[in-house]
Amino acid sequence: MKFLIGLIIGFLLIPVGAFFYFKLGMAPVSTSSAPMPFEGWAANTALHARQDREYPRTVPIPVTPDNLLAGAKVYKEHCAFCHGFEGQDQNMAAKGMFPKPPHLLRGKGVTDDPAGETYWKVENGIRLSGMPGFKGALSNQQMWQVSILLANAHSLPPEVEKVARGQE
Ligand code: HEC
């Protein structure tokens, strides 16, 4: 009997604790606060589980200089504001976000992700982060063009690199 009561109280403590954690304003709400316990884990696990189920496995456009160049133009116009240009600091707005937009053209960026995975993120966005979903705003072709640009960011033709660096 005692065990049962203990068990019930134990189970109640978690939701009650969580309720007061939020209700009493203990949960972090500003972008400069540290993440909540398990916040990163929960967000990443949920995102990966969902996108792994859904992202397209085949890329419907070829990796040609023309498509890469079109992708670089999309990047420059719609993504660089947050993700920045290689060789330049990100702007104030990007620096003040939580989570911060990663540099996509610096280091390995997302070159180790399949283009389809990036496409999924561009199309759907990432909820509760600043990453917008571009479905309906960009054409499917444009979303693929910027996705292959990012997948090949380490080996871009010079004329594409210039645009992606914001130099043209
Ligand atoms: C308003 C700001 C903003 C704009 C504009 C934006 N993003 Fe993002 N993006 C973010 C943020 C913030 C994250 C980080 C989300 C996270 O960590 O969960 C992100 C994440 C991503 C990721 C995942 C990176 C990784 O390491 O897995 C990709 C890919 C991406 N963005 C691509 C793009 C592309 C392509 C565009 C333009 C079409 C774009 N983003 C426009 C804010 C933005």
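Bear in mind that the values in this text are calculations on the coordinates, not laboratory data. Since we're looking at a predicted model, the values are computed, not measured. Don't worry about glycine lacking a Cβ; one is built from the backbone with ideal geometry, like all the others, and counts go over all protein chains shown.
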At 24 Å minimum axial length over the Cα atoms and a Kyte-Doolittle cut of -1.0, report the qualifying DSSP H helices in the chain, or say none. 2-23
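What FRET efficiency would be calculated for the residue pair W41, E168, taking the C-beta separation as r and a Förster radius of 41 Å, to the nearest 0.05?
Working: r = 41 Å, r/R0 = 1.00.
E between W41 and E168, to the nearest 0.05, is 0.50.
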Given R₀ = 35 Å, FRET efficiency for T58-M97 by Cβ-Cβ distance, to 0.05? 0.60
Options V16, W120, A43, ranked by Cα towards positive dipole end of the chain, top entry (Cβ charges): V16
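Cross-link list K100/K162; K23/K76; K95/K162: which exceed 31 angstrom alpha carbon to alpha carbon? All intermediate terms of the calculation are to be shown ahead of the outcome.
Values: K100/K162 25 Å; K23/K76 42 Å; K95/K162 24 Å.
K23/K76, as the Cα separations exceed 31 Å there.
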Connecting C-alpha atoms closer than 10 Å in a GNM of the chain, tell me which of L104, L68, L138 has the biggest fluctuation. L138
By per-residue mean of other Cβ atoms within 10 Å, what is the highest-first order of 140-148, 123-131, 42-50, 73-81? 140-148, 73-81, 123-131, 42-50
For the pair M1/F81, report the inter-label distance in nm, with labels modelled 7 Å from Cα in the Cβ direction. 6.6 nm
For the chain, modelled as a GNM with alpha-carbon contacts under 10 angstrom, which of A151, A72, A18 fluctuates the most? A18
So the FRET efficiency between H48 and F22, C-beta based with R0 = 22 Å and rounded to 0.05, is 0.30
For the chain, what is the mean residue ellipticity at 222 nm derived from helices alone (per DSSP H run of n ≥ 4: -39500 (n - 2.57); sum divided by total residues; nearest 500 deg cm²/dmol)? -15000 deg cm²/dmol
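Give me the percent relative contact order of the chain, please, defined on Cα pairs under 8 angstrom at least 6 residues apart.
On the way: 169 pairs, mean separation 45.0, N = 168.
Across the chain, relative contact order equals 27 percent.
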Diffing the range 96-113: the Karplus 3J(HN,Hα) column from phi (6.51, -1.76, 1.60, θ = phi - 60°), in whole Hz with x for Gly and Pro, holds x, 8, 9, x, 6, x, x, 5, 9, 10, 10, x, 8, x, 10, 5, 8, 9
